[in-house]
Amino acid sequence: MILILVSCSMVLIDQITKLYVRKSLNVGESIPVIDNMFYITHVRNRGAAFGLMPDQHLILFFMTLFIVIIILLFYFLRRPKEVSIQLALGLVLGGAVGNILDRLFVGAVVDFLDFRIWPVFNIADSAIVIGTIILLWSIKTGINSKKT
C-alpha cells in the first residue's frame, strides 16, 4: 500500500509542478528564486538524464515502461514488507511514471529545477534518485543485518 500511495503522490506533485512551469514560462525562460543559486528554468529534455541519448524518445519510452513493469511485478509477486523497500520502489515508480507521462503527452520531459551547478531536473528525477539511494541503503543494511 505504501508503494501505491507514494508513487501516486509523486506523479501528482510532479505533474502539477510541470504543468505550472509549462503554463507560466516559455521554454528557455528562467526566473530567480535565490539569486545566483537557484532558478526555475523551463527546459524540455528529449534525452535521458543530463541530456544523454538525445532524441532517442522511443527507446527511452520503452526502457522506462520496462522499468515500471519490473517494479510492479516485483512488488506484487514478492510483496516486500520492509517500509524502506516499499518507499524506495514507490519513489522510483512515481518518478518513472511522471517522466513517461511527459514523453507521451508533451513529447519531452519537462525540467525546471536549476541550481546552475548541475543540469536542470524535475521532481520525478529527484524521486528516482532518492528512491534508488534508499533502495541501495536498504539492501546493504539488510544484507549486513543477516550476516550477524
- Query: Would it be correct to say that M53 is more than 16 Å from the chain's Cα centre (by Cα) and either outside any helix (DSSP H, G or I) or of a type outside the set (S, T, Y) (or both)?
  - Reply: yes
- Query: Would you pick out the residues in segment 34-47 that are surrounded by 12 or more Cβ atoms within 10 Å (Cβ to Cβ) and among the hydrophobic types (A, V, I, L, M, F, W, C)?
  - Reply: F38, I40, V43
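Could you look through segment 118-129, keep only residues that are assigned to a helix (DSSP H, G or I) and either among the hydroxyl-bearing types (S, T, Y) or free of Cβ contacts under 8 Å to residues at least 40 places away in the same chain (or both), and pick out the one that is farthest from M10 (Cα to Cα)?
V129
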- Lone qualifier among K18, K23, K81 - being charged (D, E, K, R), loosely packed, with under 12 Cβ neighbours inside 10 Å and not in a loop (DSSP other than H, G, I, E, B): K23
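Restricting attention to segment 84-117, which residues are in a helix (DSSP H, G or I), of a type in the set (A, V, I, L, M) and surrounded by 16 or more Cβ atoms within 10 Å (Cβ to Cβ)?
Passing the criteria: I85, L87, A88, L89, L91, V92, L93, A96, V97, I100, L101.
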- Message: Given the criteria aliphatic (A, V, I, L, M) and either at pLDDT 95 or above or not in a helix (DSSP H, G or I) (or both), does L3 qualify?
- Response: no
- Message: Quick check on G131: is it buried (at least 18 other Cβ atoms within 10 Å of the Cβ), on the phi < 0 side of the Ramachandran plot and in contact with a Leu (Cβ under 9 Å, 6 or more places away or on another chain)?
- Response: yes
- Message: Based on this model, can you work out whether Y39 counts as more than 15 Å from the chain's Cα centre (by Cα), among the hydroxyl-bearing types (S, T, Y) and either modelled with pLDDT under 95 or part of a helix (DSSP H, G or I) (or both)?
- Response: no
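The values are calculated or read from the model by the stated rules, or taken from the named source; none is laboratory data. Just so we're clear, the structure is a prediction, and the values are computed from it rather than from any experiment. Using ideal geometry, Cβ is built from the backbone for each residue, glycine included, and neighbour counts are taken over all protein chains shown.
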